[in-house]
Amino acid sequence: MNATKAIAAAGLGLAVLLAGAVLGRRAPAERRPEPRAAARTVDLEAADEPPPLIKPTPAERHEASRATPAVERRTLAALRTQRRADQEFWDELGGLVEVRSSVAPASHREHVTSITTGYLGLENARAAAFEQTAAQSVEQIGRAWKARDEALLALPAWLGSEERSRKEREIQERYEDAKRQEVERVEALLDGTPRHLRFRSRLGEWIDAVR
């Protein structure tokens with residue numbers, strides 16, 4: 001009887017040892033998913049990062065420039081045409097100013113106003129109104145300039161430097177005011193088209209050229 005109990009106890013102990021060995025071998029296998037989860041997290045973080053910026057090559061930029069829409073190409077061509085017309089007008093005006101001393105004043109003004117109405121696209125009544133107003137304004141500005149010179153020459157010689165400078169400034173301001181009024185008369189004949197706006201920005205220069 002005692003022998004039987006001893007054999008049973010030994011068998012039970014052996015069974016416990018075998019079960020422990022099996023569980024010891026299976027435990028690491030059950031913990032293996034953890035490294036895979038960590039690797040997947042790294043992959044997801046890498047996927048969230050923005051892709052590196054790739055700059056286009058010179059050939060790609062050239063190809064893109066050739067793909068300009070037709071409307072934009074026409075707009076650029078129109079702007080180039082406008083600039084060329086502006087340049088030609090002001091170049092011709094500068095040439096007339098250079099030979100002004102050898103031409104009668106009336107002929108000079110007539111030629112300048114003629115090319116100006118053509119440049120501005122004025123016709124018939126508008127062209128006639130512009131030529132008439134411009135002639136009157138230029139004449140008034142010439143009179144204001146003459147009055148300015150006469151007033152400067154009439155200043156007494158005994159005036160102190162400060163008093164003389166003050167009176168000279170006053171005389172110059174009167175001339176500038178008179179000129180500004182006449183320029184505004186001509187300016188009132190212009191409209192809001194791009195060419196007229198560009199001409200308006202240089203109207204003072206034009207007035208000096210036509211005088």
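The values are calculated or read from the model by the stated rules, or taken from the named source; none is laboratory data. The structure displayed is predicted, hence computed values, not measured ones. In this analysis, Cβ positions are derived from the backbone assuming ideal geometry, glycine residues included, and neighbour counts consider all displayed protein chains.
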Note to self: Any residue that is among the small types (Gly, Ala, Ser), part of a helix (DSSP H, G or I), modelled with pLDDT under 95 and closer than 30 Å to Glu92 by Cβ - is there at least one of those in region 156-175?
What the structure shows: no
Notebook entry, point to check: Can you tell me which residue in region 177-195 is surrounded by the most Cβ atoms within 10 Å (Cβ to Cβ), limited to those that are of a type in the set (Lys, Arg) and without any contact (Cβ under 8 Å) to a residue 40 or more places away in the chain?
Noted result: Lys179
Check: Condition test on Leu203, is it under 23 Å from Ala128 (Cα atoms), under 29 Å from the mean Cα position of the chain (by Cα) and free of Cβ contacts under 8 Å to residues at least 12 places away in the same chain?
Finding: no
Item checked: Boolean, Glu139 is under 35 Å from the mean Cα position of the chain (by Cα), farther than 15 Å from Glu187 by Cβ and charged (D, E, K, R) -> no
Check: How many residues are of a type in the set (A, V, I, L, M), in a helix (DSSP H, G or I) and under 17 Å from Gln136 (Cα atoms) when one looks only at region 176-211?
Finding: 7
Item checked: Candidates Arg198, Arg169, Arg174, Arg164, filtered to the one that is surrounded by fewer than 16 Cβ atoms within 10 Å (Cβ to Cβ) and under 30 Å from Tyr119 (Cα atoms) -> Arg198
